[in-house]
Number of protein chains: 2
Amino acid sequence: MSKKPFRPKARRPRGFEDRTGTTLRVERHLIERASKVYDEWGFEPLMTPAFEYADALGKFLPDEERPNEGVFALEDDDGQWLSLRYDHTAPLARFVAENFQELNKPYRRYQAGDVWRNEKPGPGRFRQFVQCDADTVGAASAAADAEMIALAAEVMRSVGLKDGDYVVRVNDRRVLDGVLESIGAAEPERRMRVLRAADKLDRLGRDGVAALLGEGRKDESGDFTEGARLDAAGIDTVLAFLGATGGSREDVIARLEPLVGASETGKAGLAALAEIAAVLSNIGVGEDRALFDPSVVRGLGYYTGPVFEAELLAQATYEDGQPIRFGSVGGGGRYDDLVARFTGQAVPATGFSFGVSRFAAALSALGLTGEAEDKSLVVVVAAEKDRSADYLAMAADLRAAGFRAEAFVGSGNMGKQMKYADRRGAVAAVIVGSDEREQGRVTVKDLKLGARLAADITDNRQWREEQPAQETVSRDAWIDAVARISARNR
Amino acid sequence: MSKKPFRPKARRPRGFEDRTGTTLRVERHLIERASKVYDEWGFEPLMTPAFEYADALGKFLPDEERPNEGVFALEDDDGQWLSLRYDHTAPLARFVAENFQELNKPYRRYQAGDVWRNEKPGPGRFRQFVQCDADTVGAASAAADAEMIALAAEVMRSVGLKDGDYVVRVNDRRVLDGVLESIGAAEPERRMRVLRAADKLDRLGRDGVAALLGEGRKDESGDFTEGARLDAAGIDTVLAFLGATGGSREDVIARLEPLVGASETGKAGLAALAEIAAVLSNIGVGEDRALFDPSVVRGLGYYTGPVFEAELLAQATYEDGQPIRFGSVGGGGRYDDLVARFTGQAVPATGFSFGVSRFAAALSALGLTGEAEDKSLVVVVAAEKDRSADYLAMAADLRAAGFRAEAFVGSGNMGKQMKYADRRGAVAAVIVGSDEREQGRVTVKDLKLGARLAADITDNRQWREEQPAQETVSRDAWIDAVARISARNR
């Protein structure tokens, strides 16, 4: 007779994550530190909405080799299409164009928040992730680019990374353009093929890149990628360019000069690098923190000059001893054409973006979690029914003494509650049963010591009788007893 | 000949905001403080994705009188419909149901982030806003509700509100249900009408509510709302119930007891309130911070027991002297049926949600902006071309001395740069032109004093010659000079 009610299946959408606990705390720590740096350097916070009109957002997705990669879009009830932002740069261009007259320029803003990509989900590839950006809009000088590079290095330092454990790699797109001009290979499609090939140096090595610069390359799956069809001399020149790294920033510039030849574009790029080098040296950003590397080209089509990439060099290992390779955690560069999409007027801009999820995961692996796990959690056990008010008051006392604390407000016997406290990672459990209450005493249990001792135990009865990891103290001494337990488990 | 390029119009989507500067800083301050409180009380951070499957999210929107109010939804490429979350509670129910076996219960989490409502936009009504929630899932006891109430009061205190400037109003849905049973008016549709009428006491007053409890009410626009059709005695009882506020928490309970009569539901509600009263008193949450108010019913259909509402009582005025009424900045309650949608098994849960945008706006109006504007901004003027590296180094020196600082990296003459610094709210401008450079000196300008003096000036030439708001000091004294300016403008 009774109609069975509809029961939806509780499931997370494909390609999306639930983030919890330490992961989120470290992300928050990173965003707080970065925001503090941006604030101190004179940037203002901005938060654009998740949606932009589809035509205003445009499509500047980084990887032009996956044309199916897209945005999440829906039609509004007035027939206009709305898209979820896929980065913070395109919405910034809209914001600047919309408010151009009133904005105080250069406009310096930072923004941290979710972005969405309607990609095919895969292992470790999510359709929502967090980016944290800073940009200066309305500044054409290489000094503004140098400031972005220094800012990125400062953020890396602010989260606890030691100098030498990270580096910002710097290049200027125009230098490669100059090289291509000098070998007669500057037309747009060829240029794009060379940029894409250069971007794969890391993954494919010199031979793979050489193939992509020449006739093309067949990958492991048998797919053939057409090459840029440079001649042998051209390939050598581009490879020399990509390999012109090492030594001081000035050394790299000196090595690049002959490759650029007479190209004005190339010379402009080298002049920008020279100014960046001067600023960085002057403000104390050494070559261990920001170096010049011609192989940095950045996939994104819209960069027009200097490009930067932040890389983690610190060493860590997986549990099986294999080294973890962190790689790039952010990047940026100069993009002078994005606002012009709206207004027709070129507005010079430069910016930097951190991939928060990836960067935070690396910080976790390196143990640089900030204050994420700073305070010890203590659980007050609900030993007697109807005494919750007492237990909640004890939790308040613990908080006042500087602990994270909660009283157990669920249901379950002592065993279940102890298991709860263990699984929460609590250092101590506090127990006032009827015996303790009548005697004016409190039992305090060291959960970490208890767990270690329990691992060695052979005689259950002896364990129950001796309870070696707990002590019962008077009511005026119980918080001190908790503090001792917390101190010995630090 | 040339094709005119497509130029999208730079415009923010209807019903969405760009948030900037102080607004965002105060929101961040509020979320940081609330998160710290939640952490200390033993809650764990959680961030579910923006999207949920439409069927899993369901539709539990607060205002059942606007059925057109909806969610943003789109079809995924596998044919499943995705909806953007409209609150943090429905995604929590999905998360708990999906991970029920592994979760350590009670599961205590907090989540702060954007939610979206596909509503008709209006003045001050946005389609994206920020909520900050804490919930305890898997705890049936009124102690867990009392903890939520205390937590809300603690968050209000943590952002700098004085006791007496805020209050959490508390009620239990079952008390009104008991009253309705006792007057024979408990069937669902009538109950819903009574709840909706009660929710309007604030707006319509006793007479308006009496009309909605009886035959119905025509509003100013001529629209007629059908009433709950209680008889005169029933209306009196409900109005007595709604007015049973004032005095101690125990006084309110005593006043409600006769109205509930023999109803078991009503008695259960009163028992919960009695336990909540005991816990609150025991953990030091006085009646100035949490009071019982039977008129609090909360619009949301899904609450099943205790309900709470956080209200700001602090006084502030608009610039024209009119008082600002802040009203409710958050609310919550017990909802025992949400997880059951998925599993069929009732899971007791209780929670609280702050409306971050509204709360932060109130804090701004009250001047409780935290450290949002703590540091003074100083702008180093780009007085000579090609000296950016020096100016950026001076900005770095200022930061090291504890200021927010930037060097001007845009283009423009001194007048434009001074205007830039003024509009940024900088306290001081620092100038090293060719004269200063050659003499080893620095000019430091007090921008706030300059603006005040400029308002009184009559003789332009005198002003230019005397420059009363600036001084030129030696290179080893310029940071001290900036510090003096900053100090006198605090």
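Bear in mind that the values in this text are calculations on the coordinates, not laboratory data. If you're wondering where the values come from, they're calculated on a predicted model, not measured in any experiment. Cβ coordinates were reconstructed from backbone atoms using ideal geometry, including for glycine residues, and neighbour counts include every protein chain displayed.
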Query - Least to most buried among B:Glu257, A:Glu147, A:Glu436, A:Glu319 (fewest other Cβ within 10 Å first) - result: A:Glu319, B:Glu257, A:Glu436, A:Glu147
**Report entry** Inter-centroid distance (Cα atoms) of region A:178-249 relative to region A:7-64, Å
**Finding:** 34
Requested in this report: Could you tell me how many degrees, from 0 to 90 and to the nearest 10, lie between the Cα long axis of helix A:447-456 and the main elongation axis, the longest principal axis, of the Cα atoms of chain A?
Outcome: 80
Report summary line: So the angle from the long Cα axis of helix B:264-282 to the longest Cα principal axis of chain B, reported in degrees to the nearest 10, equals 40
Query - Beta carbon of chain B nearest to the axis of the rotation taking B to A, residue and angstrom distance - result: B:Leu74, 2
Query - chain A, relative contact order in percent, only Cα pairs under 8 angstrom and at least six apart counted - result: 15
Report task. Could you go through region A:351-368 in sequence order and give the Karplus-derived ³J(HN,Hα) for each residue, using 6.51 cos²θ - 1.76 cosθ + 1.60 with θ = phi - 60°, rounded to whole Hz, and x for Gly and Pro? Result -> x, 9, 10, 9, x, 5, 5, 5, 5, 5, 4, 5, 4, 4, 4, 8, x, 8
Requested in this report: Could you list which residues have their amide H under 5 Å from that of B:Leu313, counting only those 5 or more apart in sequence or on another chain, with H placed in the peptide plane?
Outcome: B:Tyr166, B:Val167
Query raised in the report: Assuming R0 = 45 Å, what is the FRET efficiency of B:Leu313 and B:Thr20, from their Cβ-Cβ distance, to the nearest 0.05?
Result: 0.95
Requested in this report: List, in order, the whole-Hz ³J(HN,Hα) value for each residue of region B:143-153 obtained from phi through the Karplus relation with A = 6.51, B = -1.76, C = 1.60 and θ = phi - 60°; use x for Gly and Pro.
Outcome: 4, 5, 5, 4, 5, 4, 5, 5, 5, 4, 5
Query raised in the report: By its C-alpha gyration tensor, with a ≥ b ≥ c as the square roots of the eigenvalues, how is region B:158-335 shaped: rounded for a/c under 1.5, else prolate for a/b larger than b/c, else oblate?
Result: oblate
**Report entry** Sum of side-chain charges, B:Asp145 neighbourhood, beta-carbon under 9 Å (Lys, Arg +1; Asp, Glu -1)
**Finding:** -2
Query raised in the report: How about A:Lys416: which lysines have a C-alpha closer than 24 Å to its C-alpha, ignoring those fewer than 8 places off in the same chain?
Result: A:Lys375, A:Lys385, A:Lys445, A:Lys448, B:Lys105
Query raised in the report: What does the charge add up to near B:Asp336, with Lys and Arg as +1, Asp and Glu as -1, over the other residues with Cβ less than 12 Å from its Cβ?
Result: +2
Query raised in the report: Using a ≥ b ≥ c from the Cα gyration tensor of region B:78-145 (square roots of the eigenvalues), is it rounded, prolate or oblate, where a/c under 1.5 gives rounded and otherwise the larger of a/b and b/c decides, a/b for prolate?
Result: oblate
Report task. Return the distance in nm (one decimal) between the two label points of a simple spin-label model at B:Arg11 and A:Leu453, each offset 7 Å from Cα along Cα→Cβ. Result -> 7.2
Query raised in the report: Counting other C-beta atoms within 10 Å, which of B:Leu204, B:Leu84 has the fewest, and how do the rest follow?
Result: B:Leu204, B:Leu84
Query raised in the report: Under 5 Å between amide H atoms, partner at least 5 residues away or on a different chain: which partners does B:Tyr86 have, H built in plane at 1.01 Å?
Result: B:Trp116
Report task. Quick one: angle between helix A:201-213 and the longest Cα principal axis of chain A, in degrees between 0 and 90, rounded to 10, please. Result -> 20
Query raised in the report: Could you give the distance between the Cα centres of region A:93-137 and region B:99-123, to the whole Å?
Result: 24
Query raised in the report: Quick one: length gained pulling B:Asp476 to B:Lys416 fully straight, 0.36 nm per residue minus the C-alpha distance?
Result: 18.8 nm
Query raised in the report: Counting only residues 5 or more places away or on other chains, whose amide H sits under 5 Å from the amide H of B:Ala290 once H atoms are built in the peptide plane?
Result: B:Val168
Report task. Could you work out the mean count of beta carbons from other protein chains within 10 Å of each residue's beta carbon in B:127-140? Result -> 2
Query raised in the report: In what sequence do B:Trp41, A:Trp81 fall when counting other Cβ within 10 Å, fewest first?
Result: A:Trp81, B:Trp41
Report summary line: HN-Hα couplings for region A:414-419 via Karplus (6.51, -1.76, 1.60; θ = phi - 60°), in whole Hz with x for Gly/Pro, come out as 4, x, 5, 5, 5, 5
Report summary line: Percent relative contact order for region A:377-488, counting Cα pairs under 8 Å at least six residues apart, stands at 26
Query raised in the report: Which distances, shortest first and in nm, link B:Glu257 to the matching position in the other copies, using label points set 7 Å out along Cα to C-beta?
Result: 9.6
**Report entry** Cβ-Cβ FRET estimate between A:Ala73 and A:Asp386, R0 fixed at 51 Å, reported to 0.05
**Finding:** 0.35
Requested in this report: Using only the Cα atoms of region A:377-488, build the gyration tensor, take square roots of its eigenvalues as a ≥ b ≥ c, and label the shape rounded, prolate or oblate: rounded if a/c is under 1.5, else prolate if a/b is larger than b/c, else oblate.
Outcome: rounded
